[in-house]
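> Please find one structure pasted underneath; my questions will follow.
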Amino acid sequence: KNQVEQSPQSLIILEGKNCTLQCNYTVSPFSNLRWYKQDTGRGPVSLTIMTFSENTKSNGRYTATLDADTKQSSLHITASQLSDSASYICVVTSYGGSQGNLIFGKGTKLSVKP
Amino acid sequence: IAGITQAPTSQILAAGRRMTLRCTQDMRHNAMYWYRQDLGLGLRLIHYSNTAGTTGKGEVPDGYSVSRANTDDFPLTLASAVPSQTSVYFCASSEQGSGANVLTFGAGSRLTVL
């Protein structure tokens with residue numbers, strides 16, 4: 001069964017610290033993996049998208065990595081800011097599928113404290 | 001500002017009543033989707049439409065119907081609401097219906113069925 005598991009479920013860090021969120025998937029065949037940021041009370045917003053051949057992609061202070069062999073991805077946030085407080089959702093697409101084949105993780109809720 | 005507009009923002013509804021959640025996009029995206037987001041379950045696809053005039057069922061379609069009369073609008077109807085349909089509903093769109101495209105989400109509609 002295609003699944004996306006994210007860890008930790010929630011995380012609290014101090015402003016200025018770095019953190020890493022994990023995403024493990026069993027989706028096959030694999031097409032791409034995306035990370036979305038969802039602020040409280042808002043819809044998710046895309047941060048990065050990576051295909052099979054890409055193993056790292058950055059978007060400002062956000063860096064996503066992908067290991068297609070172990071089926072793992074991570075999202076590293078550098079020098080966290082209060083505005084980074086949000087849920088981060090990992091989404092994996094199965095190759096050749098329509099949007100009906102997007103598999104969503106349950107998200108990691110990050111709280112950045114001053 | 002280009003994007004997706006959802007209405008209403010929130011609604012309390014008596015069980016058995018009919019309710020339509022509205023979704024309009026101004027990006028001329030071909031594909032549109034409805035998701036529900038529940039605590040601990042993540043985002044689940046209800047219905048989708050890859051192009052005007054066509055619709056498809058997602059993971060949790062029972063109790064919901066959609067129509068796609070034109071490119072911009074994709075309303076979601078609950079014919080006879082039940083308490084288990086209490087959720088936050090997100091409309092989304094993408095340029096095409098393939099899994100390669102990034103989703104753009106609306107701000108969500110919070111529905112409470114009593």
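> Could you check A:THR40 against (1) without any contact (Cβ under 8 Å) to a residue 24 or more places away in the chain; (2) within 30 Å of B:ARG110 (Cβ to Cβ) and say which number it fails?
Just one mismatch for A:THR40, condition (1).
> Here is a follow-up. So A:ALA64 clears everything in (1) within 12 Å of chain B (Cβ to nearest Cβ); (2) surrounded by 14 or more Cβ atoms within 10 Å (Cβ to Cβ); (3) more than 14 Å from A:LEU110 (Cβ to Cβ) except one condition, right? Which one?
Here A:ALA64 meets the rest and fails (1).
> Moving on. Would you call A:PHE30 surrounded by fewer than 15 Cβ atoms within 10 Å (Cβ to Cβ), out of contact with any helix residue (DSSP H, G or I) (no Cβ under 8 Å at 6 or more places or on another chain) and within 14 Å of another protein chain (Cβ to nearest Cβ)?
The answer is no for A:PHE30.
> In the range A:43-72, which residues are without any contact (Cβ under 8 Å) to a residue 40 or more places away in the chain and among the basic types (Lys, Arg)?
Hits for the range A:43-72 are A:LYS57, A:ARG61.
> Would you check which residues across the range B:45-65 are loosely packed, with under 14 Cβ neighbours inside 10 Å and among the small types (Gly, Ala, Ser) and list them?
B:GLY53
> Suppose we keep only residues that are part of a strand (DSSP E or B), among the polar types (S, T, N, Q) and within 14 Å of another protein chain (Cβ to nearest Cβ) within the range A:3-27. Which one would you say is farthest from B:THR9 (Cα to Cα)?
Across the range A:3-27, the extreme among qualifying residues is A:SER7.
> Can you find, within the range A:37-46, the residue that is surrounded by the most Cβ atoms within 10 Å (Cβ to Cβ) among those that are more than 8 Å from chain B (Cβ to nearest Cβ) and under 12 Å from the mean Cα position of the chain (by Cα)?
For the range A:37-46, the residue satisfying everything is A:LYS37.
> Considering only the range A:67-96, state which residues are facing another protein chain (nearest Cβ under 9 Å) and surrounded by 18 or more Cβ atoms within 10 Å (Cβ to Cβ).
Our first condition is that a residue be facing another protein chain (nearest Cβ under 9 Å); within the range A:67-96, this holds for A:89, A:91, A:93-96.
Those that are facing another protein chain (nearest Cβ under 9 Å) and surrounded by 18 or more Cβ atoms within 10 Å (Cβ to Cβ): A:ILE89, A:VAL91, A:THR93, A:SER94.
Quick grid of which residues meet (1) over 10 Å from the mean Cα position of the chain (by Cα); (2) closer than 28 Å to A:LEU47 by Cα:
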residue	(1), (2)
B:ASN50	yes, yes
B:GLU59	yes, yes
B:ALA69	yes, no
B:VAL82	yes, no
B:CYS91	no, yes
B:ASN101	yes, yes
B:THR112	yes, no
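> Taking the range A:30-50 only, how many residues are at pLDDT below 90 and on the phi > 0 side of the Ramachandran plot?
0
> Let me ask something else. Which of (1) among the small types (Gly, Ala, Ser); (2) surrounded by 14 or more Cβ atoms within 10 Å (Cβ to Cβ); (3) at pLDDT below 90 is the odd one out, the single condition A:SER53 does not satisfy?
(2)
> Can you find, within the range B:14-31, the residue that is nearest to B:ALA79 (Cα to Cα) among those that are modelled with pLDDT of 95 or more and part of a strand (DSSP E or B)?
Going through the qualifying residues, I end up with B:MET19.
The values are calculated or read from the model by the stated rules, or taken from the named source; none is laboratory data. If you're wondering where the values come from, they're calculated on a predicted model, not measured in any experiment. Please note: Cβ atoms are built from the backbone with ideal geometry, for glycine as well, and neighbour counts cover all protein chains shown.
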